[in-house]
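Below: one structure, written as structure tokens.
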Amino acid sequence: MKRMFLALSLVAALGVVGLASGTLSADLADYNFGNVVEGTIVVHTFILTNAGAQPIQISKVRASCGCTATALSDYSLAAGESVQLEARVDTSGFSGDIVKSIYVDYTAGASEGTTLTLHVAGTVLRAQAYNITVGDLNYLFYILIDLREPDAYAAGHLMGAVNVPYSQFTSWADRLPKGVIIVLYDQDGTVSDGLVQELLAAGFTDARSLLGGLNSWTIAYGDQFILKP
């Protein structure tokens, strides 16, 4: 009986020491997303909390293949403080039951470094032949801009093109995202080349000008993919 009491006392004492030195905990260390179709991007936010009495310094956040973790807003946590950690799992190329891990390395006071391990798990179902993943769509995505005046645009334009007249383009360009294919066209290509050069100089590395403009398109393809009133 005395031995059992001593053992329990030792466990309790170690627990107190652990809390006193600083312990990083998660609201839910193992997140299960259930069943999703392949290509779905699973997003979950873990809440990390310093459950001890000493400050915690997070040194690194690592993730296993197919999983990414966003940068933390704060890597130093006082006792009782929390921070959000967003994890993303791209299920493209996976099937069946999967488990992805996130490792949070941290130190508390003068103690040696330790690691909190989080898991994102679930079942990936086979996609249908007619499905396209958001990753593939993002890869294929492009922005098509018609630089002609509104009346010319209304008379006929390439399907999916948005109308930003040449005279307004400079004030509108800051809304464009970088890292996406941007195609500019006018009637014959005389205007779009100059604007694309400006975009390239501004860091829009995927900006392009449609050679010969809408005239070249109609010569090659007629009215195919051209919307008219």
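For Ser111 and Lys228 in the same chain, what is the full-extension length gain: residue separation times 0.36 nm, less their Cα-Cα distance, in nm?
Extra length from Ser111 to Lys228 when fully extended: 35.0 nm.
Span-like helices, the chain: DSSP H, alpha-carbon axial extent 15 Å or more, mean Kyte-Doolittle -0.5 or greater, which ones?
Membrane-span-like by this rule: 2-21.
Full extension from Gln128 to Thr190: what is 0.36 nm times the residue separation minus their Cα-Cα distance, to one decimal in nm? Could the numbers behind the result be given before it?
On the way: separation 62, 0.36 × 62 = 22.32 nm, distance 4.43 nm.
Extending this stretch completely gives an extra 17.9 nm.
Loop only per DSSP, at most 11 neighbouring Cβ atoms within 10 Å: give me the GluC sites (Glu not before Pro) in region 77-174, ordered by residue number.
Those satisfying the criteria are Glu112.
If you roll a 1.4 Å probe over the heavy atoms of the protein chains, what accessible area per residue do you get for region 114-154, in Å²?
Dividing the accessible area of region 114-154 by its residue count gives 65 Å².
Calculate, in nm to one decimal, what Ser167 and Leu137 gain on full extension: separation in residues at 0.36 nm each, minus their alpha carbon distance.
Stretched fully, the Ser167-Leu137 segment lengthens by 7.7 nm.
Counting alpha carbon pairs within less than 8 Å and at least 6 residues apart, what relative contact order, in whole percent, applies to the chain?
16
Out of the total accessible area of region 51-134 (probe 1.4 Å, heavy atoms of protein only), what percent is carbon and sulfur?
So the carbon and sulfur contribution to the accessible surface is 50 percent.
At a Cα cut-off below 14 Å, give the aspartates and glutamates reachable from Lys100, other chains included and same-chain residues fewer than 8 away excluded.
Output for Lys100: Asp30, Glu86, Asp90.
So which trypsin sites (Lys or Arg not before Pro) in region 172-210 pass both tests, a DSSP loop state and at most 13 other Cβ atoms within 10 Å of the Cβ?
On the way: sites: Arg175, Lys178, Arg208; in loops: Lys178.
Sparse-neighbourhood loop trypsin sites (Lys or Arg not before Pro): Lys178.
Magnitude of the Cβ-charge dipole of the chain, K/R +1 and D/E -1, about the Cα centre, nearest 20 debye?
Dipole size: approximately 980 debye.
Leaving out ligands, DNA and RNA but keeping every protein chain, what accessible area does His157 have, in Å² rounded to the nearest 10, with a 1.4 Å probe?
Spelled out: His157, probe radius 1.4 Å, area about 30 Å².
Is the shape of region 33-179 rounded, prolate or oblate, going by the alpha carbon gyration tensor and its root eigenvalues a ≥ b ≥ c, with a/c under 1.5 for rounded and a/b larger than b/c for prolate?
Oblate shape, in that a/c is at least 1.5 and b/c is the bigger or equal ratio.
Taking only DSSP H segments of four or more residues, each worth -39500 (n - 2.57), what value at 222 nm results for the chain once the sum is divided by all its residues, to the nearest 500 deg cm²/dmol?
-7500 deg cm²/dmol
Restricting to DSSP loop positions (anything but H, G, I, E, B) with no more than 14 other Cβ atoms inside 10 Å of their own Cβ, which chymotrypsin sites (Phe, Trp or Tyr not before Pro) remain in region 119-223?
Listed in order of number, the matching sites are Tyr130, Phe141.
Between Gln84 and Asn32, what FRET efficiency comes out of the Förster formula 1/(1 + (r/R0)^6) with R0 = 25 Å and r the beta carbon distance, rounded to 0.05? Working shown, then result.
Working: r = 19 Å, r/R0 = 0.77.
So, using R0 = 25 Å, E works out to roughly 0.85.
The values are calculated or read from the model by the stated rules, or taken from the named source; none is laboratory data. Here the structure is a predicted model, which is why all the values come from computation and not from measurement. Note: ideal-geometry Cβ built from the backbone for every residue, glycine included; neighbour counts use all protein chains shown. For accessibility, only protein heavy atoms count, side chains too; no ligands or nucleic acids. Shrake-Rupley method; radii C 1.70, N 1.55, O 1.52, S 1.80 Å.
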